[in-house]
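Here is the structure we will look at.
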Amino acid sequence: MADAFLGLGSNVGDRESYLKAATDAVCKLEKTRTISSSSIYETEPWGVKDQNRFLNQVIEIETELTPLDLLAACQNIERNLKRRKTKRWGPREIDVDLLLYGKSVIDNELIQIPHPSFQERRFVLVPLSEIAPQLEVPGLGRSVQELLNVCPDQGAVKFYRDFHYQS
């Protein structure tokens, strides 16, 4: 079993419903158990600024799925929730990103773990630090909280509401 962290985001339609549906789908993945989830945060868009604010959240899971199988499951969840691919960093119904997978550092044409540049994005680090502040990020040699303390991104990340995971 490996601990993994997934980042969820939505800025189209009923954002909260998309997060809930994605969380429910993650909870139903085979060989996987949901451990915890962060609160939900409302965040400024990153990359393409001219779009709606996002709701973001991080979920911690324990899984027997391989990194590639877990990535495929995340992409399948996005497809099932009718995510439409538009421009890079553009609006999306749902985003389910594999942020971290155990102590793995993988960088090839199929997968990158840790997720590329997540340490430069407050919308990932704030919810991740809520549930795993002392977690040392593989390949970076710093804890999540340390990364948040030096994060160059100054985009607004505001508490939106509590989220209580129910197994």
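The values are calculated or read from the model by the stated rules, or taken from the named source; none is laboratory data. Note that this is a predicted model, so its numbers are computed, not measured. Heads up, the Cβs are rebuilt from the backbone with ideal geometry, glycines too, and the neighbour counts pull from every protein chain shown.
Of all residues in the stretch 13-27, those that are farther than 16 Å from S39 by Cα and either surrounded by fewer than 18 Cβ atoms within 10 Å (Cβ to Cβ) or of a type in the set (S, T, Y) (or both) total 3. Scanning for something under 17 Å from G155 (Cβ atoms), of a type outside the set (S, T, Y) and in contact with a Pro (Cβ under 7 Å, 6 or more places away or on another chain), does the stretch 99-107 turn up at least one residue? Scanning the stretch 99-107, I find no residue that is under 17 Å from G155 (Cβ atoms), of a type outside the set (S, T, Y) and in contact with a Pro (Cβ under 7 Å, 6 or more places away or on another chain), so the answer is no. Inspection of the stretch 17-31 finds a residue satisfying the criterion of being out of contact with any helix residue (DSSP H, G or I) (no Cβ under 6 Å at 6 or more places or on another chain), at pLDDT 95 or above, of a type outside the set (K, R) and within 27 Å of G139 (Cα to Cα). In the stretch 18-30, the residues that are at negative phi form Cβ pairs under 7 Å with partners that are part of a helix (DSSP H, G or I) and surrounded by fewer than 18 Cβ atoms within 10 Å (Cβ to Cβ), at six or more places apart or across chains, as follows: A25/N80. Condition check for I35 on (1) among the β-branched types (V, I, T); (2) in contact with a Phe, Trp or Tyr (Cβ under 6 Å, 6 or more places away or on another chain); (3) under 26 Å from R142 (Cβ atoms): one failure, at (2). When the stretch 101-137 is filtered for residues that are touching a residue at least 40 places away in the same chain (Cβ under 8 Å), in contact with a helix residue (DSSP H, G or I) (Cβ under 8 Å, 6 or more places away or on another chain) and not in a loop (DSSP other than H, G, I, E, B), the ones remaining, listed by number, are Y101, I113, F118, R122, V124, V126, L128. The residue pairs whose first member lies in the stretch 48-68 and is free of Cβ contacts under 8 Å to residues at least 40 places away in the same chain, whose second member is surrounded by fewer than 19 Cβ atoms within 10 Å (Cβ to Cβ), and whose beta carbons are closer than 6 Å, counting only pairs six or more residues apart or on different chains, are L65/K31. Scoring V96 on the criteria (1) of a type in the set (V, I, T); (2) in contact with a Cys (Cβ under 7 Å, 6 or more places away or on another chain); (3) free of Cβ contacts under 8 Å to residues at least 24 places away in the same chain leaves a single failure, condition (3).
Of the strands (runs of 3 or more DSSP E) contained entirely in the stretch 1-81, those carrying at least 2 residues that are touching a Pro at 6+ places or on another chain (Cβ under 6 Å) fall at 54-63.
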